[in-house]
Amino acid sequence: MSKCKAQGKYVNLYGTKNKMKIMYVVHSLGVGGVEKLVYNMIERSARYDIEPIVCCLDHSGLWGEELKRKGFKVFDLNRKEGIDLKVVKKLRAILKEERPDIAHAHQYTPYFYTILSVFWFHGPKIVFTEHGRFFPDRMSGKRVIFNQIAMLFTGAIIGVCEFSKRSLIKYEKFPGDRIEVIYNGVRPEEFSIDSDISLNKISLSLNANNKIIGTVGRLCKEKNYSMLIRAFGEIKRHLKDAKLLIVGDGELRGELENSARNENVENEVLFLGERRDIPELMKVFDVFVLSSDLEAASLVLLEAMASGVPVVATNVGGNPELVLDGVTGLLAPKNDHQKFGEAVVDILQDPDRAKKMGKAGRTRVIEKFSFDRMVNEYVEVYRSLISCKKI
């Protein structure tokens, strides 16, 4: 990749600057893995010589409002249902006013609107990162045609794992040689906190003997928490003191609470709702579980590994790229509650093995999935795309 520097300054289409000006386009910056990742990129942008701007198609959300309080530029576009052409007009006006070097769209819908906004004017180079896929996934002929045109305006296409890259090729028909893989990253130091586990358990009405199975995520269909609850029913046959903590909220909460009652484990499953103390909660978990039917490069899975917690995850999507089966955790077949439950029991009944897996997981995150590594790779993409001219 080429780098454009002159006397320590970046040179771009709009003149000489000390920093690269990057506009991030997202659905919103509410609670979620991708949202937290983008928030972290923006909040720490100064150390990477980036001047950030954020455009939220829908609304700022929790993390967006926090960025505003810290003085960052965050625009709310208040998108309506369907294709909202007013958003295209708003986005184009912001691009012309702010004149960023790069527009970085996270996920497909922000990419769609960003592409439309640069039609018929000389806008910035566009970077598109695909974080996940629809479930179940399918190909759309209209999208494929649009994508062929969009590539003319796109400087870089990023998949967050090899699974994402394969999906972009299969369903979006982007050419493989145009797609780069940049794995998601987390900050290991954020999950190496000293925490009083006994006090944390007491605050959650747990006792010292409880074996804690924990998960974090939105309560939606693709996470398949109904399978997890069935698996927990099997786990309870072997481990009477086991508790299941489900952190997060969503449209399926009521249905899942009913599932817990149907399995006669309603008193053993704790729905904690949305929480901001995830690093502290991770320290309480004896094993972290991810029961999804589809995942790309799950940030919460990386967070659990960074916390030194052994994991059990379904063998889908990008999970086997993150989890080394038998080393940092165990992989189980999709939607198989018996095999999933057996894997959890295997870890909980062997504390020494669990400890080794947790340690190996943290080492793997530090070596391969750190936040700094991820951002540095994005910065290299940005630099390579900035057009240069002589000073």
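Read-outs throughout are calculated quantities, based only on the coordinates presented, and are distinct from any laboratory measurement. For clarity, every value in this text was computed on a predicted model and none was experimentally measured. Heads up, the Cβs are rebuilt from the backbone with ideal geometry, glycines too, and the neighbour counts pull from every protein chain shown.
Given region 141-192, what whole percent of its Cα pairs are spread farther than 14 Å? Above the 14 Å cut-off, region 141-192 has 57 percent of its Cα pairs.
Quick one: helix 337-348 against the long Cα principal axis of the chain, what's the angle to the nearest 10°, folded into 0 to 90? Computed tilt is about 80 degrees.
In the chain, the longest principal axis of the Cα atoms and the axis of helix 225-238 are about 30 degrees apart.
Taking the Cα centre of region 54-199 as origin and assigning +1 to Lys and Arg Cβ atoms and -1 to Asp and Glu Cβ atoms, the resulting dipole is close to 900 debye. Enumerate the residues in region 184-199 having an amide nitrogen under 20 Å from the point lying 7 Å beyond the Cα of LYS355 toward its Cβ. Within reach of a label on LYS355, which here means backbone N under 20 Å from a point 7 Å along Cα→Cβ, region 184-199 contributes 192-199.
Of LYS73/LYS201; LYS36/LYS243; LYS70/LYS165; LYS86/LYS368, which sit over 32 Å apart, Cα to Cα? All intermediate terms of the calculation are to be shown ahead of the outcome.
Values: LYS73/LYS201 39 Å; LYS36/LYS243 27 Å; LYS70/LYS165 35 Å; LYS86/LYS368 41 Å.
Those over the limit are LYS73/LYS201; LYS70/LYS165; LYS86/LYS368.
Going through region 251-341, which trypsin sites (Lys or Arg not before Pro) have at most 15 other Cβ atoms within 10 Å and a DSSP loop state? Answer in residue order: ARG275, ARG276. Residues whose amide H comes within less than 5 Å of that of LYS125, counting only those at least five positions distant or on another chain, are ALA103 (H built at 1.01 Å from N in the peptide plane).
So if each residue of separation counts as 0.36 nm, and I subtract the Cα-Cα distance between ASN376 and ASN207, what length gain in nm does that give? Don't jump to the answer; show the numbers that get you there.
Working: separation 169, 0.36 × 169 = 60.84 nm, distance 4.29 nm.
Working it through step by step, the gained length comes to 56.5 nm.
Loop-only check: which chymotrypsin sites (Phe, Trp or Tyr not before Pro) in region 267-323 are DSSP coil with at most 12 other Cβ within 10 angstrom? The partial results should precede the final answer.
Numbers: sites: PHE271, PHE285, PHE288; in loops: PHE285.
Here no loop site has a sparse enough neighbourhood.
Quick check: from the Cα gyration tensor, does the chain come out rounded (a/c under 1.5), prolate or oblate? Here the chain falls in the prolate category. Sparsely packed loop sites in region 76-182 (the chymotrypsin sites (Phe, Trp or Tyr not before Pro) outside DSSP H, G, I, E and B with at most 13 other Cβ atoms within 10 Å) comprise PHE119, TRP120, PHE121, PHE134.
Potential lengthening of the chain between ASN262 and SER198 amounts to 20.0 nm, from the contour at 0.36 nm per residue minus the alpha-carbon distance.
Treating each Cα of region 188-368 as an identical point scatterer and summing with the Debye formula, the log10 of I(q)/I(0) at q = 0.14 Å⁻¹ comes to -0.67. If I fit a long axis through the Cα atoms of helix 108-118 and take the longest principal axis of the Cα atoms of the chain, what angle between them do I get, 0 to 90°, rounded to 10? Relative to the chain, helix 108-118 is tipped by roughly 10 degrees.
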